[in-house]
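So the structure is just underneath, and the comments pick up after that.
The values are calculated or read from the model by the stated rules, or taken from the named source; none is laboratory data. What you see is a predicted model, and the numbers here were worked out from it, not measured in a lab. So basically every Cβ, Gly included, is an ideal-geometry build from the backbone, and we count neighbours across all protein chains shown.
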């Protein structure tokens, strides 16, 4: 994982173990631990509203990491990620309600179930690539959406289905404050899972398939297996994210998991940085906070004398939507490699200051 | 008498009307350096692609280490111990050199998508580190330790060739196929590469099949040389024998005008007789 060739003075590595850490330096690791510790205290410090935002970041972030493993690391494409997310949500609620499986087990089981479904829809990937594959995965989106609307036994049809909150040893995580810890744990767990995946055998195989599939095959990598597996792992993540979403809201309806959601996931990972675990999280944070920031911007505008012009006030909602689009376009033009790349550049700038390299 | 590790029998390969290979047969002795030479378009790379599994020959059979591998997928051949490098660099450009070489250990590693992420608990870490040690041996051997953390796509041509060789060596191969390992290198790099090929052959006992255009190198380091032309085997034998062949002499070594004429006459004479 660590790719920095420049390391701070005094940070020597004397064993292969030290050379193969998730975080590039000890300082970064310590910062991450401090950040997580601070987050643990967050429910006592910040407004519940921010907790909901964080929970949103958590379940979207988990699903987006899955998509990044598929798109960024393995070089496939999927336009059905939103549907897989939805499938995980319904599957978890369904297993809980129909079979009485405790929610704690339902969430990973939903992940595995979604993995199976994702692999079925990923089958074309062993044959087709690029735009053609995008269209083939679009089929997954529409078939699953239709399935949610019609399969009453599974999703409750148009009425939707209700999902119980997560409970562990009799304690129900049904408030924002308590669910926050579930979300934090899931996020950290799944991101460590992702980091470890990428620094072990399968992760390298994924990147090898992306970078040069012919020589990957010569190196003993089964192409079809890994193309399919990347669909599986990505759907697994989507399923876990979806299940968390379901048990957080307590209610799942079929309307939410549209193509728009799939595109949003793609936008997150492109903005954050394809092929970067850390970038995925950045992209998700960006996409979750952007509407909030623009919202408050709109609020500020209303307070100024612009707020007296009726046309502006009426149009503010649209301006917000357009601004989101504009920001994404600007990002793609000026930082096509994503926020992770920009972050690395900023870091290098400070590290080498006042020299440019 | 050493036994042969690779047996090619009557291989034919055609792309539509173009016959890339016609009834080529040869065998490579275990532990030898075997070179394939021939003009451009002679079918050398097609031959290598048949051996490594990129192409399925239309007829004929390939036996590797006592196993018929004619219809095996390339990745299964890697499991059996066949490594190769490519003529046009085929590294994983966005990976570090180290990871590139670690990919070579793929078929020897056992952790999967469930045990790999449970890094510390499942023993994946231990396994990774063990194989890292093996990879470092290869890195030391090929003297690329200074670039092990560099991104493969940013390296110079000569170094990339060397990393490719390292990746193939990391497979623990019994047979290594090299497609023009010295193309586009300067003299110094060529000498280094020749040394590595000899060393890996002698120290590790890896059989080498290579395609190379530099006749000096080919004649110096190979135990056996085969000449292909228009998809047919012209001659196969010791370097001296091949060198003595008038056709090869004319095509590769370049003769004086007068000699060339006489060489031509000699060939016609041979054909007549």
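Here are the numbers:
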| quantity | calculated |
| --- | --- |
| Some residue of segment A:118-133 being part of a loop (DSSP other than H, G, I, E, B), within 30 Å of residue A:295 (Cα to Cα), over 22 Å from the mean Cα position of the chain (by Cα) and without any contact (Cβ under 8 Å) to a residue 40 or more places away in the chain | no |
| Some residue of segment A:26-37 being away from chain B (no Cβ under 14 Å) and either touching a helix residue (DSSP H, G or I) at 6+ places or on another chain (Cβ under 8 Å) or in a loop (DSSP other than H, G, I, E, B) (or both) | yes |
| Residue A:232 vs. criteria within 9 Å of chain B (Cβ to nearest Cβ) and at positive phi | no |
| Selection status of residue B:21, buried (at least 19 other Cβ atoms within 10 Å of the Cβ), more than 14 Å from every other protein chain (Cβ to nearest Cβ), touching a residue at least 40 places away in the same chain (Cβ under 8 Å) and within 26 Å of residue B:221 (Cβ to Cβ) | yes |
| Which listed residue, of A:159, A:151, is under 29 Å from residue A:121 (Cβ atoms) and surrounded by 14 or more Cβ atoms within 10 Å (Cβ to Cβ) | A:151 |
| Considering residues of segment B:174-191 that are in a helix (DSSP H, G or I) and in contact (Cβ under 8 Å) with a residue 24 or more places away in the chain only, the residue nearest to the other protein chains (Cβ to nearest Cβ) | B:189 |
| Number of positions in segment B:192-224 that are assigned to a loop (DSSP other than H, G, I, E, B), within 22 Å of residue B:250 (Cα to Cα) and in contact (Cβ under 8 Å) with a residue 40 or more places away in the chain | 4 |
| Test: residue B:5 is modelled with pLDDT of 90 or more, touching a helix residue (DSSP H, G or I) at 6+ places or on another chain (Cβ under 7 Å) and either surrounded by 22 or more Cβ atoms within 10 Å (Cβ to Cβ) or within 21 Å of residue B:200 (Cβ to Cβ) (or both) | no |
| Residue selected from segment B:65-88 under the condition in a loop (DSSP other than H, G, I, E, B) and without any contact (Cβ under 8 Å) to a residue 60 or more places away in the chain, by the criterion nearest to residue B:159 (Cα to Cα) | B:88 |
| Failed item in (1) assigned to a helix (DSSP H, G or I); (2) at the interface with chain A (Cβ under 8 Å from one of its Cβ atoms); (3) touching a residue at least 60 places away in the same chain (Cβ under 8 Å), with residue B:133 passing the rest | (3) |
| Odd one out for residue B:69, checked against (1) within 23 Å of residue B:162 (Cα to Cα); (2) touching a strand residue (DSSP E or B) at 6+ places or on another chain (Cβ under 7 Å); (3) within 14 Å of chain A (Cβ to nearest Cβ) | (1) |
| Filtered residue count, segment A:48-93, keeping only those that are within 19 Å of residue A:188 (Cβ to Cβ) and touching a strand residue (DSSP E or B) at 6+ places or on another chain (Cβ under 8 Å) | 0 |
| Residue identified as at pLDDT 95 or above, under 15 Å from residue A:63 (Cα atoms) and more than 8 Å from every other protein chain (Cβ to nearest Cβ) among A:238, A:246 | A:238 |
| Residue check, residue B:112 more than 15 Å from residue B:175 (Cα to Cα), in a loop (DSSP other than H, G, I, E, B), without any contact (Cβ under 8 Å) to a residue 12 or more places away in the chain and assigned by TED's automatic domain parsing to the domain that holds residue B:219 | no |
| Single residue of segment A:88-104 satisfying the filter (touching a helix residue (DSSP H, G or I) at 6+ places or on another chain (Cβ under 7 Å) and more than 18 Å from residue A:142 (Cα to Cα)) that is surrounded by the most Cβ atoms within 10 Å (Cβ to Cβ) | A:92 |
| Among the residues listed as A:107, A:166, the single one being touching a strand residue (DSSP E or B) at 6+ places or on another chain (Cβ under 9 Å), at pLDDT 90 or above and surrounded by 14 or more Cβ atoms within 10 Å (Cβ to Cβ) | A:107 |
| Subset tally (residues that are over 28 Å from residue A:208 (Cβ atoms) and outside any helix (DSSP H, G or I)) for segment A:71-116 | 3 |
| All positions within segment B:78-90 that are surrounded by 24 or more Cβ atoms within 10 Å (Cβ to Cβ) and more than 7 Å from chain A (Cβ to nearest Cβ) | B:82, B:83, B:85 |
| Residue identified as part of a strand (DSSP E or B) and not assigned by TED's automatic domain parsing to the domain that holds residue B:108 among B:51, B:36 | B:36 |
| Criterion: modelled with pLDDT under 90 and more than 18 Å from residue B:211 (Cα to Cα) - qualifying residue of B:41, B:17, B:81, B:60 | B:17 |
| Residue tally, condition in contact (Cβ under 8 Å) with a residue 60 or more places away in the chain and within 9 Å of another protein chain (Cβ to nearest Cβ), over segment A:212-228 | 1 |
| All positions within segment B:99-130 that are buried (at least 22 other Cβ atoms within 10 Å of the Cβ) and more than 7 Å from chain A (Cβ to nearest Cβ) | B:100, B:101, B:105 |
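Every residue, every condition in (1) part of a helix (DSSP H, G or I); (2) farther than 30 Å from residue A:237 by Cα; (3) more than 8 Å from chain A (Cβ to nearest Cβ), yes or no:
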{"position": "B:140", "(1), (2), (3)": "yes, yes, yes"}
{"position": "B:146", "(1), (2), (3)": "yes, yes, yes"}
{"position": "B:159", "(1), (2), (3)": "yes, yes, yes"}
{"position": "B:167", "(1), (2), (3)": "yes, yes, no"}
{"position": "B:172", "(1), (2), (3)": "no, yes, yes"}
